[in-house]
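Notes follow once the structure below has been shown.
The values are calculated or read from the model by the stated rules, or taken from the named source; none is laboratory data. Computed from a predicted model, the values in this text were never measured in an experiment. A quick note on method: Cβ atoms are made from the backbone with ideal geometry, for glycine too, and the neighbour counts reach across all protein chains shown.
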Amino acid sequence: MKRFAEPYLNMEANEEGFCSLWADRIRIYKDIHLFINKKMPSDYFYNRLNLCNAEISSERLKKAEHRYFMNNINCYVYVHEKNADSQRMLIRAGFRWIDTMDVLTLAREPDLDSKNKTPTDMSIIKVKHADVSNWVSTFCDSFEILEMQAEIKQRIERSFDKMILLISYACSGNSAPQVGGCCALFINRGIIGLYCLGTIPKFRGRGLARKLVANGFQYTSNYDLDYLFLQTFESQDLSAFYSKFGFKLAYKKRVFEKKYHNGFIV
Ligand SMILES: CC(C)(COP(=O)(O)OP(=O)(O)OC[C@H]1O[C@@H](n2cnc3c(N)ncnc32)[C@H](O)[C@@H]1OP(=O)(O)O)[C@@H](O)C(=O)NCCC(=O)NCCS
């Protein structure tokens with residue numbers, strides 16, 4: 001078995017820890033976990049088998065697939081981009097490469113105001129338990145998943161103490177400040193992950209995301225940590241966006257899919 005460097009293992013563990021707040025985590029073999037959220041079946045961030053720090057035999061892979069197919073969920077598998085053996089095994093087993101996840105790190109404070117945007121017309125607040133609904137509706141609006149609000153609220157309520165939830169308020173003219181964006185910070189394994197960064201469509205392009213990232217980064221110094229990290233799917237086409245803040249690529253993972261539909265693999 002290949003030995004992985006500690007920062008890589010920490011980032012993987014942080015991401016798995018975060019996923020386990022949003023999905024059921026099932027340990028199927030030593031070092032191998034799968035995540036299932038039956039209420040969000042098409043979301044491959046929360047439904048996945050992670051093979052980024054473990055090898056699996058084809059027999060065991062079949063058993064893992066079965067876990068998803070029993071629930072009528074497609075099976076998604078994550079593999080390190082350079083792990084050619086596992087990728088070959090997945091292709092042989094009928095999987096298709098559908099996306100790539102970039103893992104990015106930020107080790108210095110992001111540039112806050114590149115085009116004289118006025119950061120004073122917005123403020124960032126750490127969410128209190130009583131305000132979870134506000135965070136959830138902002139998140140669901142930003143990611144266009146309003147139908148998932150009840151499920152997400154339940155999960156967030158349950159894990160509230162394990163995350164730091166931020167929302168940003170935007171002001172326009174004399175009207176009262178409105179919630180415009182959100183993100184979640186998750187500290188685990190001595191590193192800090194930035195998740196769920198989103199802004200409501202009508203507030204985009206005003207620097208809200210930039211301010212949220214900058215605020216998230218402050219927690220790295222508050223907690224005396226070296227860097228902030230996050231994941232983004234290449235299908236979202238946000239690498240230019242994140243490189244503007246100074247994020248650097250740490251590594252890539254490939255996402256493979258095997259579809260299941262009405263009892264048949266398609
Ligand atoms: C991506 C997202 C968070 C950007 O939010 P935003 O509030 O519009 O971002 P900002 O206004 O702070 O933009 C900061 C900079 O990034 C640029 N930018 C914004 N969206 C961009 C994009 N999709 N691609 C490239 N650059 C982008 C802005 O032009 C701005 O640059 P500038 O200061 O040089 O003008 C928002 O579009 C969103 O919520 N999308 C849906 C959810 C999502 O995909 N989240 C990311 C998950 S990884």
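Computed quantities for the displayed model
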{"quantity": "Any hit, the range 145-154, residues being within 16 Å of the ligand (Cβ to nearest atom), within 25 Å of Ser20 (Cα to Cα) and in a loop (DSSP other than H, G, I, E, B)", "calculated": "yes"}
{"quantity": "Any pair with Cβ under 7 angstrom, 6 or more apart, that starts in the range 49-70 at a residue that is of a type in the set (A, V, I, L, M, F, W, C) and ends at one that is at pLDDT below 90 and part of a loop (DSSP other than H, G, I, E, B)", "calculated": "Ala54/Asp31"}
{"quantity": "Pairs, first more than 20 Å from Ser168 (Cβ to Cβ) in the range 135-157, second modelled with pLDDT of 95 or more, C-beta under 7 Å, six or more apart", "calculated": "Met148/Cys140; Arg155/Leu21; Arg155/Trp22; Glu157/Val132"}
{"quantity": "Total residues in the range 224-250, condition at positive phi and surrounded by 14 or more Cβ atoms within 10 Å (Cβ to Cβ)", "calculated": "1"}
{"quantity": "Residue in the range 181-198 that is of a type in the set (D, E, K, R) and in contact with a Gly (Cβ under 8 Å, 6 or more places away or on another chain) present", "calculated": "yes"}
{"quantity": "Residues that are of a type in the set (Ser, Thr, Tyr) and either surrounded by 14 or more Cβ atoms within 10 Å (Cβ to Cβ) or touching a strand residue (DSSP E or B) at 6+ places or on another chain (Cβ under 6 Å) (or both), drawn from the range 200-222", "calculated": "Tyr219, Thr220"}
{"quantity": "The range 119-134, residues that are away from the ligand (no atom under 12 Å from the Cβ) and at pLDDT below 70", "calculated": "Thr120"}
{"quantity": "Residues within the range 179-198 that are within 13 Å of the ligand (Cβ to nearest atom) and within 15 Å of the chain's Cα centre (by Cα), tallied", "calculated": "9"}
{"quantity": "Residue ID - farthest from the ligand (Cβ to nearest atom), chosen from residues in the range 159-178 that are part of a helix (DSSP H, G or I) and without any contact (Cβ under 8 Å) to a residue 40 or more places away in the chain", "calculated": "Asp161"}
{"quantity": "Any chance Leu104 is assigned to a helix (DSSP H, G or I), surrounded by 16 or more Cβ atoms within 10 Å (Cβ to Cβ), touching a strand residue (DSSP E or B) at 6+ places or on another chain (Cβ under 6 Å) and at pLDDT 95 or above", "calculated": "no"}
{"quantity": "Listing of strands (runs of 3 or more DSSP E) fully contained in the range 14-100 that carry 1 or more residues being crowded, with 17+ Cβ neighbours inside 10 Å and touching a helix residue (DSSP H, G or I) at 6+ places or on another chain (Cβ under 6 Å)", "calculated": "32-36, 48-50, 75-80"}
{"quantity": "Within the range 203-231, tally of residues that are near the ligand (Cβ under 6 Å from one of its atoms) and in contact with a Ser or Thr (Cβ under 7 Å, 6 or more places away or on another chain)", "calculated": "2"}
